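Below is one structure, written out as structure tokens; the observations come after it.
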Amino acid sequence: MIKYLPAHLLKKERYKLFVYLLAYFFMVFEVEAYGQTTSLNACFDLARKNNLSVKQARSALLSGQYNLQAEKKSYLPKVDLLSSYTYLSSPLTINLQTVKDGIVNGSSQQSVNAANEVFKEITGNNLSQAVQDRIYNTSKNIIGSIYPDYNPELSKQSYFVAGLGLRQPIFLGNKLDAAQNLAQSLVNTASINVNVVNKEVDFLIALQYLRILYLNTILNKQEFIVMALSKNKNYADELVKNQILAPYQKSWTNVVLMQARSQLTSLKLDKQNAHLELNKLMGLPLDTNVVISDILTYTGIAAVAAQGDYWTENPVYQLAASKIAYAKTSEKISKSFALPNIFAIGNYNLYQRDLPVTMPDWFVGVELQWSLFNGQTRKRTLAARQLVEEAKLAEENAGLLLQVQSKIAKNQMTSLENEVGVLDNARKEAQTTSRLITKRMENQLSSPKDVNDAVLIEAEMEKAYYTAVLGYYLALAGYFNSLGNPQQISQFIR
């Protein structure tokens, strides 16, 4: 059964599709608008906009900012709409029987006193004791006869009440200030964490970009090797055809050629995988065609020694340091639990039907809450204090780790710089040897197998050389990363 969408829904879906395609077009255009090859700086810019880890860190920062805004309003009064329906097991009553004797005797005695005062005012004398006794007994009998022999109800058995409740903090033992400081420290930590994530993403992109340049270089060399081995195989075929060369040597050239072609295919797949990982880091669709056609070229770099406490500029160190403020605020909060809380309170009943007589229409007051004993308070304070010490040790450890990383990276650069120089001379010798053996074969002074061996050795030396160059740049990237600015390597990659 074919279903049709209403015209307005169909138009809405088409609009969504158009917006998605337009966004995708601009994203791809941004990738390809840099010309023949996408630069490393362009990759950094795309990751800032689209990387999921960066977006997640920014979202966490925004959440912390909203929470800080909420904490800043904690001083405002809290107004609640309060309502309840109550059903009592029995109506509220007053037990008049417990005070019956006091009321009857007291009222009778008041009657005697009143009569005596009137008589004294007229005659100047008190009533005789017998008269007083008769008045007392008569009043007691009359009052006792009319006194209720039941307990009157104060309210119905069930009732509904509704009103507005007000609760205004006056003094909370610095809990509000501490909570606001804690929220502020969380915002600071989240802000630094955004820089940490940006730095780590930039570092990973730099490594992946270098990997692609390395693969481009090795692919070019491998294609040259395949072409040289193909020519050597064709030449061997001619020699076998002319019965100058033994057939087994022809088979050997074919085996070496197949192996070289297989390695070329593997390198192409490695490059595809590298592009997939780079696209993920940049937050692009995995099938985006990011053109990177440059190759890896070596240029010696004199890394400038960092001055002063350079590691303090690294977001990783700053993140560890920010946790000290968080820990100190947690300690203040734990101490504040031992202090009293004072609130101004009030209530106004909006709905008073069937309201019990024991409940007023409105009231205001001051409420004090003070925990006189809590066995957990002291231990929590000690735990928070220990957390401060832990944060300080973490800060010191982070600084030491960054210093070690920068020194190791510089030592690796020095070592690889020497290795690159040695391998550069070795590969040039291998190239010269390969050319000489090829010329000797053309003059029938050497065999195709000799050419194969020379070409393979040349390929291995080229790979070793560029592997050392890659290691050098990776160490340089690690050095800049330890300084907190991995993007700086883009100045040395052309």
Residue 3 meets each of (1) modelled with pLDDT under 85; (2) of a type in the set (D, E, K, R); (3) surrounded by 12 or more Cβ atoms within 10 Å (Cβ to Cβ) with one exception, condition (3)
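With respect to residue 429, determine if the residue is at pLDDT 85 or above, open to solvent by 90 Å² or more (accessible area, probe 1.4 Å), closer than 30 Å to residue 453 by Cα and in a helix (DSSP H, G or I). Please lay out each step first, then the result.
Details: at pLDDT 85 or above: yes; open to solvent by 90 Å² or more (accessible area, probe 1.4 Å): yes; closer than 30 Å to residue 453 by Cα: yes; in a helix (DSSP H, G or I): yes.
Judged against the criteria, residue 429 is a match.
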Within the set of pairs 6 or more residues apart or between chains, which connect a residue that is within 14 Å of residue 450 (Cα to Cα) inside region 234-257 to a residue that is modelled with pLDDT of 75 or more and open to solvent by 70 Å² or more (accessible area, probe 1.4 Å) with Cβ atoms less than 7 Å apart? 249/449; 252/449
Considering residues of region 300-343 that are under 25 Å from residue 398 (Cα atoms) and among the β-branched types (Val, Ile, Thr) only, the residue most open to solvent (accessible area, probe 1.4 Å): 304
Of the conditions (1) in a helix (DSSP H, G or I); (2) farther than 22 Å from residue 191 by Cα, the single one that residue 47 does not satisfy is (2)
Residue by residue through region 68-119, note down the ones that are over 30 Å from residue 190 (Cα atoms), surrounded by 11 or more Cβ atoms within 10 Å (Cβ to Cβ) and under 41 Å from the mean Cα position of the chain (by Cα). 79, 80, 82, 83
Test each condition in (1) over 28 Å from the mean Cα position of the chain (by Cα); (2) under 26 Å from residue 212 (Cβ atoms) for residue 489 and report the one that comes out false. (1)
Subset of region 264-277 (residues that are surrounded by 15 or more Cβ atoms within 10 Å (Cβ to Cβ) and under 26 Å from residue 237 (Cβ atoms)): 264
Which residue pairs have Cβ atoms under 7 Å apart, sit 6 or more places apart or on different chains, and have a first residue in region 355-371 that is closer than 22 Å to residue 170 by Cβ and a second that is of a type in the set (Ser, Thr, Tyr) and at pLDDT 80 or above? 362/348
Only unsatisfied item for residue 211, checking (1) modelled with pLDDT under 95; (2) in contact with a helix residue (DSSP H, G or I) (Cβ under 6 Å, 6 or more places away or on another chain); (3) not acidic (Asp, Glu), is (1)
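Does residue 81 satisfy being touching a residue at least 12 places away in the same chain (Cβ under 8 Å), over 30 Å from residue 179 (Cβ atoms) and not in a helix (DSSP H, G or I)?
Working: touching a residue at least 12 places away in the same chain (Cβ under 8 Å): yes; over 30 Å from residue 179 (Cβ atoms): no; not in a helix (DSSP H, G or I): yes.
For residue 81, the condition - touching a residue at least 12 places away in the same chain (Cβ under 8 Å), over 30 Å from residue 179 (Cβ atoms) and not in a helix (DSSP H, G or I) - is not met.
So if I check each of 409, 454, 468, which one is open to solvent by less than 30 Å² (accessible area, probe 1.4 Å), assigned to a helix (DSSP H, G or I), under 20 Å from residue 235 (Cα atoms) and out of contact with any Cys (no Cβ under 9 Å at 6 or more places or on another chain)?
Of 409, 454, 468, the one residue that is open to solvent by less than 30 Å² (accessible area, probe 1.4 Å), assigned to a helix (DSSP H, G or I), under 20 Å from residue 235 (Cα atoms) and out of contact with any Cys (no Cβ under 9 Å at 6 or more places or on another chain) is 454.
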Could you pull out the residue among 171, 160, 203, 224 that is free of Cβ contacts under 8 Å to residues at least 12 places away in the same chain and hydrophobic (A, V, I, L, M, F, W, C)? 224
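If you check residue 117 against the conditions, is it of a type in the set (Asp, Glu) and either part of a loop (DSSP other than H, G, I, E, B) or without any contact (Cβ under 8 Å) to a residue 40 or more places away in the chain (or both)?
Details: of a type in the set (Asp, Glu): yes; either part of a loop (DSSP other than H, G, I, E, B) or without any contact (Cβ under 8 Å) to a residue 40 or more places away in the chain (or both): yes.
In short, yes.
Every residue, every condition in (1) touching a Gly at 6+ places or on another chain (Cβ under 6 Å); (2) assigned to a helix (DSSP H, G or I); (3) at pLDDT below 80; (4) closer than 29 Å to residue 164 by Cβ, yes or no:
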residue: 311; (1), (2), (3), (4): yes, yes, no, no
residue: 344; (1), (2), (3), (4): no, no, no, yes
residue: 348; (1), (2), (3), (4): yes, no, no, yes
residue: 367; (1), (2), (3), (4): no, no, yes, yes
residue: 391; (1), (2), (3), (4): no, yes, no, no
residue: 395; (1), (2), (3), (4): no, yes, no, no
residue: 399; (1), (2), (3), (4): no, yes, no, no
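The values are calculated or read from the model by the stated rules, or taken from the named source; none is laboratory data. The model shown is predicted, which means the values in this text are computed figures rather than measured ones. Positions of Cβ are generated from backbone atoms using ideal geometry, with glycine treated the same way; all protein chains shown enter the neighbour counts. Quick note on the areas: whole protein, heavy atoms, side chains included, nothing else; ligands and nucleic acids left out. Shrake-Rupley method; radii C 1.70, N 1.55, O 1.52, S 1.80 Å.
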